[in-house]
Amino acid sequence: MEGWRGAWYVPCLASLETLQELCRKENLRCKSIGITNRSLKSYEVEYLCDYKVEEGKAYYLVKWKGWPESSNTWEPRKHLNCPLLVQNFLRDKNEYLSRVREGKALKVRKHVKTLKPAIADYIVKKAKQRIALQRWKEELNRKKNHKAMILVENTVDLEGPPLDFYYINEYKPAPGINVLNGITTGCECADCPAEKCCPKEAGFILAYNKRKKLKIQPGLPIYECNSYCRCGPDCLNRIVQKGTPYSLCIFRTNNGRGWGVKTLQKIKTNSFVMEYVGEVITSEEAERRGQLYDNQGNTYLFDLDYDSDEFTVDAARYGNVSHFVNHSCDPNLQVFNVFIDNLDLRLPRIALFSTRTIKAGEELTFDYQMKGSIDLTSDSAEGLSPSKKRIRTVCKCGAVCCRGYLN
């Protein structure tokens, strides 16, 4: 456009391989994404699509990385230097057969000459899912602001990454809501906690012991040192603000609860595990969205009701790992209200702490009805206002003490 002097940049949603495929399909060069005269003739196996035997030789149908599917070719096994991809191919084939035969012992013929189209189709879908989940894992780890790793795992079905979820590290306020408000000073402690440290100034005790484990009861607030305090990053009273210290795995559950989260490390009792973040919206907007979520069978709204019912956190579209944590009527995580750089009692940060020792590999859960130390059981639902009475969502937590419903 003549006279245009600025530039408007938007993020590209296509993967590098997709862009490379488009360039190769149109015979275009683009140095910035690695398509040059030399690379136009480079080939790397992305995944294996099919299998056949001809004249006693085994062939695999190869999808080449950065090339469109129309460029797939049949290659003899001896030409392929990708043992992991061959292993994935065979595992996916056996997994499909196992599911079709409902877990019965496999009787695979030794001299299979071709695969049935349904098997080949499943293998391709599984390969694409594996690539999509790997890209999602890399994206999550790029966006997180803590040191611990986030892994992704699905050995249950063909579900890929959620399409309308955006990872954030802190509250995303709706227009007109200020989540950083009123803090202008901090403690002068050389060694927290001192006589006038942040918790004592607020009228409460320090929340952590010398081992940096929680020592207060549910329902009491946590006041951590803030960005104006003199103490350094190793201060005893800086825990939640550092982010989760544990490597976690977002995994697909096998009992219809969708995605869940498990810890990859042992977590001791009363340890900080993660923060619950999302969009901060008004309670009126939360009521409107809640009707929609209940119809979908989803629960992502968390009322910030420490001091009032004015605001709610909605983690449906914007959130962190806590978005995927499932409910349990017998949870291993407990909710606490935290104040750091914002002392507005209407807008506490929500932190999840362990209620007991949690083994490596164990799923993390919290009670969706948990409000500080108050437990809204199904029996107390009759006392809720008409605006709070919505469609009941059946609970699948499997706990002995299960109340039967999420809300």
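The values are calculated or read from the model by the stated rules, or taken from the named source; none is laboratory data. Computed from a prediction, not measured in an experiment: that's the story for all the values here. With ideal geometry, Cβ positions are generated from the backbone for all residues, glycine too; neighbour counts draw on all protein chains shown. Accessible surface areas use protein heavy atoms only, side chains included; no ligands, DNA or RNA. Shrake-Rupley method; radii C 1.70, N 1.55, O 1.52, S 1.80 Å.
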Seminar exercise, completed: Taking a crude spin-label model, label points 7 Å out from Cα along the C-beta direction, the SER247 to ARG130 distance in nm is 2.0 nm
Problem set entry | chymotrypsin sites (Phe, Trp or Tyr not before Pro) restricted to DSSP loop in region 171-279 with at most 14 other C-beta within 10 Å | TYR228
Exercise. Hey, rough spin-label estimate for ARG317 and GLN217, points 7 angstrom out along Cα→Cβ, what's it come to in nanometres?
Worked result: 4.2 nm
For this session: With a 1.4 Å probe and every protein chain left in place, tell me how much accessible area MET149 has, in Å² to the nearest 10.
Result: 90 Å²
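Counting only pairs 8 or more places apart or on different chains, how many lysine pairs in region 126-183 have C-alpha atoms closer than 22 Å?
Working: LYS126/LYS137; LYS128/LYS137; LYS137/LYS147; LYS137/LYS172; LYS143/LYS172; LYS144/LYS172; LYS147/LYS172.
The result is 7.
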Exercise. Using 7 Å Cα-to-Cβ label points, what is the ASN145/GLU285 separation (nm, one decimal)?
Worked result: 2.0 nm
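At 0.36 nm per residue, minus the direct Cα-Cα distance, what do GLU310 and ARG392 gain on full extension? Give it in nm, one decimal, please.
On the way: separation 82, 0.36 × 82 = 29.52 nm, distance 2.33 nm.
Between GLU310 and ARG392, full extension yields 27.2 nm more.
Run the numbers on region 150-366 and let me know its relative contact order in percent, using alpha-carbon pairs under 8 Å that are six or more apart.
Working: 458 pairs, mean separation 58.2, N = 217.
Computed over region 150-366, the figure is 27 percent.
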For this session: Express in nm, to one decimal, how much length is gained between LEU84 and ASN72 on full extension, taking 0.36 nm for each residue of separation and deducting their alpha carbon distance.
Result: 2.4 nm
Exercise. How high is the FRET efficiency from ILE183 to LYS65, r the C-beta distance, R0 60 Å, rounded to 0.05?
Worked result: 0.75
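Apply 1/(1 + (r/R0)^6) to the Cβ-Cβ distance of LEU97 and ILE205, taking R0 = 51 Å, and write down the FRET efficiency to the nearest 0.05.
After rounding to 0.05, the efficiency reads 0.25.
ASN295 to GLU138: extension gain in nm, 0.36 nm per residue of separation minus the Cα-Cα distance?
53.3 nm
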